Each structure stands twice: as structure tokens, then as C-alpha cells.
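Report on the following structure.
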Amino acid sequence: MFQARFTQISMTKPSAMIAILAALACAAGAYYWAHGLSALGPVSKAAQPVPPSPALTANLGTASSGAAHTTSTTTEPGDRLTPAEAGTPFRPGEVLEFAADVAKLGNVANLRLQIVDRRNFFGRNAWHLQAFARTENPLRMVFELDDQFDSYSDALTLSSLQYEMHLNERGEKQESIQRMTTTGAERAPANVTQTRVVPGTRDPLGLMQYLRTVDWAKTHEVRGPVYDGHKLYDVAARLDGSAQNITVPAGSFSASKIEIRVFDAGAELKDAHFTLYLAGNAAQTPVLLEAVVPFATARVVLVKMKPE
């Protein structure tokens with residue numbers, strides 16, 4: 001993708017905040033997921049997000065244009081990367097650890113992003129992506145949060161095949177497993193919700209990794225639909241200026257500054273601003289996320305990465 005007086009704050013667009021913050025780094029999620037999900041309640045078993053506007057879905061980059069296949073009934077780790085997949089800047093086993101500061105509170109939450117493996121997911125080559133969010137004291141004393149997010153994203157396009165939220169907030173647990181479909185013709189298992197989306201839709205974790213695959217020296221803007229587990233949004237990411245020197249606990253980096261814009265039903269959200277910094281290394285590692293929203297300012301910094 002944090003509260004003391006925050007528990008009294010109500011969000012006017014909670015799901016929208018979740019969509020972007022989780023989409024960029026999920027690290028901000030510990031605060032924003034806490035705000036949004038407690039207000040939204042359980043995910044509907046008949047989740048059918050509203051399609052995004054045609055203006056943005058017309059430019060999907062390398063997004064998938066076909067329906068998900070269900071030729072297999074098991075998922076197994078993949079053996080070998082295709083040449084196209086080998087061009088991705090990340091590898092199985094990568095772990096990125098972040099700390100989040102909100103307003104004047106430091107290290108109120110931490111998050112771990114990891115690439116678990118590449119596998120056969122019901123007939124599709126897919127990356128298994130994970131994120132773990134946890135609040136820290138003093139916030140944890142008033143809002144205990146331990147959340148896990150799993151994404152199975154197409155190995156080439158990073159469009160979402162399945163998105164899972166395993167939430168544990170204030171001792172209350174909520175499970176959501178959503179299988180993405182572009183046709184509605186596929187059948188999902190009994191414990192999985194079938195969610196119909198437009199072709200090329202990514203979930204928050206898939207979008208985070210997709211932004212790392214963009215050659216920002218050649219492509220200065222990408223756009224596409226993002227489903228955050230509750231609602232479908234249009235997201236536009238644009239390179240803003242030349243590389244900048246960024247220093248975070250994990251080190252000093254020359255980084256590209258990526259401005260993020262979010263659209264709901266064709267209208268841009270004007271009361272939120274997000275900036276992602278991607279290191280100029282081969283992996284285009286996300287090193288910093290800055291978020292300015294009506295109720296707080298968040299700064300999410302890279303603390304440790306494996307492998308280094």
C-alpha cells in the first residue's frame with residue numbers, strides 16, 4: 001500500500017487510499033489498510049467491481065488481453081523462466097523490508113514485500129507475490145494489526161490472477177480470496193470468490209512489481225486498471241523529471257521519481273498525492289514512497305533488502 005487520534009478520523013474515500021498506497025508499496029498499508037478496511041467491512045462474496053473508464057484502459061502497456069485459463073487444478077513452482085520473463089528486474093527470494101512514518105510519528109508500522117516464487121497457477125505461469133504489514137508501538141497499543149496479502153500475477157504482464165487478503169486487526173480476522181476473471185465463465189473453488197475485471201487488471205502487489213519492469217528512460221507514462229480487493233480504479237504512473245539522490249536506511253540511491261494519479265469513474269482524486277522512488281539499479285528497487293492525503297502525510301522507507 002498507523003492511529004492514536006487516528007481512530008477518530010473518518011476517511012471520505014477509504015478504498016481509494018487503499019488502492020494507491022497498497023499498489024505502490026503496501027508498506028503504507030499498515031495505516032491506510034487499517035483505516036479503510038475497518039470502515040468497509042467484509043468483502044462481498046459477489047464482488048463485481050465497476051469497470052474503469054475507456055480512456056485509461058485503452059493504454060494498458062503489456063497488459064493481458066485474454067481470459068484466465070483453468071487447465072490445471074494444482075499450482076506448482078516453475079522450472080524455468082521464458083526469455084521474456086527473464087527480463088523482469090526481480091527474482092524469487094527477493095525480500096524488501098520497509099518502515100513507515102506518519103505525520104510526526106516515526107516507525108509506526110513495518111512491511112515486508114517478497115517474491116516467493118514463479119509457479120504454474122492453474123495453467124498460467126505466475127509470480128507469487130507477498131506482503132506482510134504490522135503496526136509497531138506506540139500505535140500497536142491502540143491498533144494491533146498483522147495483515148498478509150498474496151498475489152498470483154501473470155509472469156509476463158503481472159495482471160492479477162488471484163488476490164488474497166488475510167487480515168488480523170484488533171484481534172478480528174477476515175479472509176478474502178478472489179479469483180480474477182474477464183469473462184465470468186470460469187468456475188472458482190467453493191472457498192474462492194470469482195471477481196470479474198477488465199483485461200489487464202492488476203492488483204496492488206502486481207502493480208508495484210509492474211512499475212519496476214517499465215523502462216522509464218523510454219516510457220514516461222503507463223496507465224491501467226487496478227483492483228484493490230474492493231473496487232476497480234484507473235491508475236496512471238508518470239516519470240517526473242531527472243533522477244534524484246535519495247538516502248534511506250538501506251543506503252543512498254540515484255532514483256527515478258514516479259508520480260501516481262488515481263481515477264475513480266473517470267474523475268481524478270484531487271485530495272491525495274503519491275510519489276514513488278525507484279532506484280537506478282538493475283532491479284529498479286522501490287526505496288521510498290511518499291503519500292499526502294487529507295488526514296496525514298506518510299513516508300515509507302526501505303530499511304533492508306535481500307539479496308543486496
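Just a few scattered comments:
- T182 surrounded by 18 or more Cβ atoms within 10 Å (Cβ to Cβ) and either in contact with a Lys or Arg (Cβ under 8 Å, 6 or more places away or on another chain) or on the phi > 0 side of the Ramachandran plot (or both): yes
- Checking K270 against (1) in contact with a strand residue (DSSP E or B) (Cβ under 6 Å, 6 or more places away or on another chain); (2) more than 21 Å from D215 (Cβ to Cβ), the condition it does not meet: (1)
Let's see how each residue does on (1) of a type in the set (K, R); (2) touching a strand residue (DSSP E or B) at 6+ places or on another chain (Cβ under 6 Å); (3) not in a strand (DSSP E or B):
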site	(1), (2), (3)
D147	no, yes, no
M165	no, yes, no
K173	yes, no, no
A185	no, no, yes
P189	no, no, yes
T195	no, yes, no
L205	no, yes, yes
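- Residues of the range 263-308 classified as farther than 18 Å from V102 by Cα, among the hydrophobic types (A, V, I, L, M, F, W, C) and surrounded by fewer than 18 Cβ atoms within 10 Å (Cβ to Cβ), total: 4
- Residues being part of a strand (DSSP E or B), out of contact with any Leu (no Cβ under 8 Å at 6 or more places or on another chain) and buried (at least 20 other Cβ atoms within 10 Å of the Cβ) - total across the range 224-262: 4
- For the range 72-89, the set of residues classified as of a type in the set (A, V, I, L, M, F, W, C) and either in contact with a Leu (Cβ under 7 Å, 6 or more places away or on another chain) or at pLDDT 85 or above (or both) consists of A84 only.
- Checked against the criterion of being at pLDDT 95 or above and over 25 Å from S159 (Cβ atoms), the range 257-272 has at least one qualifying residue.
- Residue count, the range 110-145 (criterion: over 24 Å from P92 (Cβ atoms), surrounded by fewer than 21 Cβ atoms within 10 Å (Cβ to Cβ) and not polar (S, T, N, Q)): 6
The values are calculated or read from the model by the stated rules, or taken from the named source; none is laboratory data. Just so we're clear, the structure is a prediction, and the values are computed from it rather than from any experiment. Using ideal geometry, Cβ is built from the backbone for each residue, glycine included, and neighbour counts are taken over all protein chains shown.
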